[in-house]
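Down below is the structure, laid out as structure tokens.
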Amino acid sequence: MAVKIQTTQGAIEIENDVIATIVGGAATDNYGVVGMASQNPLRDGVNQILNGDNFAKGVVVRQQENGVAVDVHIIVGYGMKISEISKSVQARVKNDLNVMLGIVASEVNVTVQGVRMLGD
């Protein structure tokens, strides 16, 4: 399902995979985030950290009346303050979606699915 934006010149459709790639990039750019995790770890591998090509497996995008709702699944570094990392991910995802795509994120839900040593 694509996000549709109507402009005076016509319609713009942005696929969920594009949104997921931008969300994944925004999330992994935060200090303390080791990587993205799969939303279905039993199927895709419990210990797998997703790379840029697979960010869609760790992001769920739902279109709502007042914007989009995004669920982000991440792995954080051991010893880091998880609440602060999660707030940072939320703010960065909202900002990047607005700046890059002109999409308002009505909610950004962060699920921490694992903790890893930063050197791993």
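The values are calculated or read from the model by the stated rules, or taken from the named source; none is laboratory data. All values reported here derive from a predicted model rather than from experimental measurement. Methodologically, a virtual Cβ is constructed for each residue, glycine included, from the backbone with ideal geometry; neighbour enumeration extends over all protein chains shown. Calculation scope for accessible area: heavy atoms of the full protein, side chains included, ligands and nucleic acids excluded. Shrake-Rupley method; radii C 1.70, N 1.55, O 1.52, S 1.80 Å.
Laid out as a table, the results:
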| item | result |
| --- | --- |
| Average Cα contact separation per residue, the stretch 15-116, under 8 Å, 6 or more apart, as relative contact order % | 32 |
| Built amide H within the under 5 Å cut-off of VAL34, gap 5+ | ILE75, VAL76, GLY77 |
| Computed over the chain, Kirkwood Rh from alpha-carbon pairs, angstrom | 14.5 |
| Helix axis angle, 82-96 relative to the chain longest principal axis, alpha carbon, degrees | 30 |
| Computed [θ] at 222 nm, helices only, for the chain once each DSSP H run of length n ≥ 4 contributes -39500 (n - 2.57) | -8000 deg cm²/dmol |
| Cβ-derived FRET efficiency at R0 35 Å, GLU107 paired with MET80, nearest 0.05 | 0.90 |
| Positive minus negative residues near MET80 (Lys, Arg vs Asp, Glu; Cβ under 13 Å) | +2 |
| Carbon plus sulfur fraction of accessible area for the chain, probe 1.4 Å, in percent | 50 |
| Length added when fully stretched, ASP29-VAL115, from 0.36 nm per residue minus Cα-Cα | 29.3 nm |
| Straight-distance crosslink candidates among lysines, where the alpha carbon sits under 19 Å from LYS4 and sequence neighbours closer than 8 are dropped | LYS94 |
| Highest-fluctuation residue, ILE75, ILE14, ILE22 considered, GNM on the chain with Cα pairs under 10 Å | ILE14 |
| Angle in degrees between helix 16-28 and the longest Cα principal axis of the chain, rounded to the nearest 10 | 40 |
| Under 5 Å, built H, 5+ apart or other chain: amide partners of ILE103 | ASN98 |
